[in-house]
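Working notes, structure below.
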Amino acid sequence: MPHSANAARIVTPTMLVLWLALASAPLWIDAVGLYPYLGVEILIWSIYALAFNLVLGTSGLVSFGHGAYFGVGAYAFGLAQFNLSANLWICLGVATLAAGLAGLFVGLFISHRRGIYYAFMTIAFGQIFWTIAIKAYSLTGGEDGLLNIARLPADFGVVSFDISDNVGLYYFVLAVFVIVVAALWRLVHSPYGRVLAAIRQSETRAAHLGYPVWFYKLTVFALSAAISGLAGALFAMAQRAAFPDVMSVNLSGLVVMMTLVGGGLVSFWGPVIGVVTFLIARDVIGALTFAWMIYFGLLFMAIVLFRPEGIAGMARPLFARWR
Amino acid sequence: MALIEAEGVHVRFGDRVVLEQVDLAVEEGELHGIMGPNGAGKTTFFNVLTGRVKPSRGRIRLAGEDLAGLSPHAIANKGVARSFQTMTLFDEFTARENVMIALPAFRARGFDVRRAVAGDTGFAQEADAVLASVGLAGRSAVIARQLPYGERRALEIAVALAQRPRVLCLDEPTSGLGIDGTQRLVELIGRIRANLTIVVIEHEMDFLFSLADRISVIHWGQVLARGTPRELQANEWVRRSNLGRFA
Amino acid sequence: MLDLVPHLLNGLTLGLLFALIALGFMLIVGLMEQINLAHGSLFALGAYIALQFLGPKPPLPPELAAQWLALPLGWRYGLALLIAPCVAGIAGIAVEVCMRRTYGKDPLYGLLLTFGAAMVIEEGIRLTWGSRDHVLPLPPEVSGGFIFHGLIWSTYRFYAAGIAAAAIGLVWLLIEKTRTGAIIKAGAHDSEMVRALGIDLSKLRLGVFVFGTMLAAFAGIILAPIWGIRPHMGVDAVIPAFLIIVLGGVGSFWGSVMAALLVGLAIGLTGAYASEWSLLSIYILLVAVVSVRARGLFGKKSLLEA
């Protein structure tokens, strides 16, 4: 990702425009034929895809098993709610931490590997987590899922917001999205983010410049997993349940496809563009044909072959000043 | 005492012996040339010096400290920098960013996520000074991939210089440069060598003979001859070998 | 101790079938220097196509279908063993044509592309046959079991092991004993030389890709009664294939077969102790092996790792 003129800011003009548009969405989303729950899904998947792109786009590592951490977050949120405390902040914290630890554990195995080996290791770990989620019935409810997860109120001490309806939840998820976007923007433009970008371009050179490459790969993987887990926790709230299918290789692959199609390799906003495109097209085209996923898969293949820079890259000339 | 020294280095890949009993010592401030035909084991020797390849036997010492078993980043942190024969730049970065990331001050802040790099003019100034020293003043905002070949070669050296190394290892720096480019490189190395210990692999003999204080000839994985350029020109073996256009 | 023998036999059968999958996978990696993640999906496709031919509605014109259904199951099964890999081979052509553009590029492009292809094939399978498990109808000659030394033995395992071994033998003859095989091996080491010999490299690559696909599809049909037919079987097949070439090296025929038997036996034996989790052992094995050893996929530190 090239350096932006707004690299030093915490909040950029693009962010402001996007946040305002999103904040007003509940006012117009019904009018354009969509519905608030779609907004919730878009925001959650955007957080997930942005976290994933920390690994793919920023660090150049291909993970085909990121669903594992999204899923760990979702289950941890539910289990914390049932067994620990029905406090939103505690449950979100536990989910993020659990996914981060899972990422750290996996990272210890994979961070000394590159390219193909790295990718295959992530698939293998993804399958391991998925199988455990299905087989550990007493913990996860197996294929039936972990049901009756509540949308806990957002309690700020002085005031407490009820987020059990979709619009309330939407605003809560939007607030999380705002924080995650600002934090990740700063992260990718910080020295840490630039070292990751250097590692993407040449692990060899970065190592000979004195950077402990594997440790950077480990930390970024764990961090990405943690934020994916946060997204998973929000998803558990949105669905009021946690299911193993988000951990399957198909849904892990979906986040790869959305991120790449949107242009995650070249743009910070690529993952968000990909998620918005995918989810809206899923609702519109998916209503017309069952074969919708095939078309999306073919689009993904075409993008890999002809335009790896994705939608964001193709649109860049149009919005040259916009980043 | 030698600043960097190899003692009895053996490297074997499978059943192939690539380096056999290589001893080499480079004094502080020296410019030491390594020459030899392709496949003689020169680059492998650099890979051993910089931690990419672990020798099956032997030691590498930097100012008396054993480097054996250390990983590339640890050796780099001890002050051994290298350039690569096949250029290894951060192609999507600007020239300035390439150099910036190599600065020890930047590395010290490698896990800092709180401040943006762009807000820090100190790094940029330091990087630009390094670029200027290799003749790339005014080119700092150009993306590395878009630089012409000769300037990429210079950037390759600038990145290694930016590490503020105690020992600078250059792997075939003239590779692909024309006569003019090579001449400019001779001038560049002449400028930077004053406060630096340099080990340079090269098969361009004129280049090496005009710069080096001492030269080691590696062939078949062994050091076959060593000495000052003058001594080597007198050396029977070097003179007769087809290495010696010089002879 | 004798209790373990059936599990050893299962492992052996699995290993021989893995070898078939891995040999095709290896030929493709060797000649194209790209990983084909869709290899497993093509393996699954073979099983599904055979299922279609052996089910009540074969994909044939009405008159032909009636004649087909009149044949005894044994005949239909034997023919499906030949036809289904050919049909899967056509899908293989489509994948190869897409993959062509990635030759010589960063292998991550090939990986991403074939990942997409795998998704498309798997989604196609789900749309056509649904997500549930299917059972492949088997002729009575190879199904059932018998009792020997107080243990129940599945006839099918013996049949599967035998036919897989025969297929491996044929592949060996083709690669090691024919001129085509020599060219394929030469191409894997030095594509320039193959071009210099006046051989059309792109045709050779297409041919090898289709051949590899057919081997996988064939293995899919044989493995179908053991694993059950489900959309997910593709991932479960491509992982051992990769594992096997990491262990056995690319370009070594017997290396791959030995590695495949090892992997098969390991999985068969874990199945003896925790059958619930036996598929999981493939993944754990991959993690264990790659953690220790991640060199030598191409005999040297290769492009695929950069």
Checklist entry - Can you give the longest stretch of chain B with no exposed loop site, where a site means chymotrypsin sites (Phe, Trp or Tyr not before Pro) in a DSSP loop (not H, G, I, E or B) with at most 16 other C-beta atoms within 10 Å? => result B:1-110
Next on the checklist: Could you work out [θ]222 nm for chain A from helices alone, using -39500 (n - 2.57) per DSSP H run of at least four and dividing by all its residues? Round to the nearest 500 deg cm²/dmol.
Outcome noted: -22500 deg cm²/dmol
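Of B:Met1, C:Met193, how do they rank once you tally other Cβ atoms within 10 Å and put the fewest first?
B:Met1, C:Met193
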Item to check | Long pairs among A:Lys217/B:Lys78; B:Lys42/B:Lys78; B:Lys78/C:Lys105; A:Lys135/B:Lys54, criterion Cα-Cα beyond 32 Å | outcome: B:Lys78/C:Lys105; A:Lys135/B:Lys54
Checklist outcome for this item: Whole-Å distance linking the alpha carbon centroid of the range A:160-197 with that of the range C:118-197 is 49 Å
Checklist entry - Between the range B:192-219 and the range B:83-151, what is the C-alpha centre distance in whole Å? => result 26 Å
Item to check | Residues C:Thr155, A:Thr58 arranged by fewest to most Cβ contacts within 10 Å | outcome: C:Thr155, A:Thr58
Item to check | Within-10-Å neighbourhood charge of C:Gly187 [Cβ basis; K, R +1; D, E -1] | outcome: +1
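Over chain A, what is the mean sequence separation of C-alpha contacts under 8 Å (at least six apart), divided by residue count, expressed as relative contact order in percent? Please report the intermediate quantities before stating the final value.
Values: 524 pairs, mean separation 103.0, N = 323.
Relative contact order of chain A: 32 percent.
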Checklist entry - Could you state the number of Å between the C-alpha centres of the range B:1-71 and the range A:50-108? => result 45 Å
Checklist entry - Just the Cα atoms of chain C, one point each, no solvent: what log10 I(q)/I(0) does Debye give at q = 0.14 Å⁻¹? => result -1.07
Next on the checklist: Taking each pair of distinct Cα atoms in the range A:174-217 once, what is the resulting Kirkwood hydrodynamic radius in Å?
Outcome noted: 11.3 Å
Checklist entry - What average count of beta carbons from other chains do you get within 10 Å of the Cβ of residues in B:76-83? => result 3
Item to check | Rg/Rg_globular for the range A:77-132, with Rg_globular taken as 2.2 N^0.38 Å and Rg from C-alpha atoms | outcome: 1.42
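With Cβ to Cβ distances under 15 Å as the rule, what net charge do the other residues near B:Val186 carry (K, R +1; D, E -1)?
Here the charged neighbours net out to -3.
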Item to check | Sorted by Cβ neighbour density within 10 Å, fewest at the top, the residues C:Glu122, A:Glu309, C:Glu192 | outcome: C:Glu192, A:Glu309, C:Glu122
Checklist outcome for this item: Percent antiparallel among DSSP beta bridges confined to the protein assembly as shown, nearest 5, equals 65 percent
Checklist outcome for this item: Ratio for the protein assembly as shown, C-alpha Rg to 2.2 N^0.38 Å, reads 1.04
Checklist entry - Given just the C-alpha atoms of the range C:1-89, how large is their convex hull per residue in cubic angstrom? => result 129 Å³
Item to check | Three-way shape call for the range A:24-133 based on the alpha-carbon gyration tensor, with the a/c threshold at 1.5 | outcome: oblate
Checklist entry - For chain B, what is the relative contact order in percent, using Cα pairs closer than 8 Å and at least 6 residues apart in sequence? => result 27 percent
Next on the checklist: Please report Rg (one decimal) and Dmax (integer) in Å for the Cα set of the range A:202-323.
Outcome noted: 17.2, 55
Checklist entry - When the distances between all Cα atoms of chain A are binned every 10 Å from zero, what whole-number percent does each bin get? => result 6, 26, 36, 24, 7, 0
Checklist outcome for this item: To the nearest 0.05, the calculated FRET efficiency linking B:Lys54 and A:Glu143 through their beta-carbon distance, R0 being 41 Å, is 0.25
Next on the checklist: Under the rule a/c < 1.5 gives rounded, and otherwise a/b versus b/c splits prolate from oblate, where does the range B:67-220 land using the Cα gyration tensor?
Outcome noted: oblate
Next on the checklist: What distance in nm lies between label points placed 7 Å from Cα along the C-beta direction at C:Leu64 and C:Ala186?
Outcome noted: 3.9 nm
Checklist entry - For the range C:1-140, what is the relative contact order in percent, using Cα pairs closer than 8 Å and at least 6 residues apart in sequence? => result 35 percent
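Excluding B:Glu126 itself, what net charge comes from residues whose Cβ is under 11 Å from its Cβ, given Lys and Arg +1 and Asp and Glu -1?
0
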Checklist outcome for this item: For the pair B:Gln146 and C:Arg101, the simple spin-label estimate (label points 7 Å beyond Cα toward Cβ) gives in nm 2.5 nm
Next on the checklist: Can you say what percent of the DSSP beta bridges in chain B, counting only those with both residues inside, are antiparallel? Round to 5.
Outcome noted: 55 percent
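Taken together, the values in this text are just the output of simple stated rules run on the coordinates, not laboratory data. Predicted model, so just to flag it, every value in this text is computed and none were measured. Using ideal geometry, Cβ is built from the backbone for each residue, glycine included, and neighbour counts are taken over all protein chains shown.
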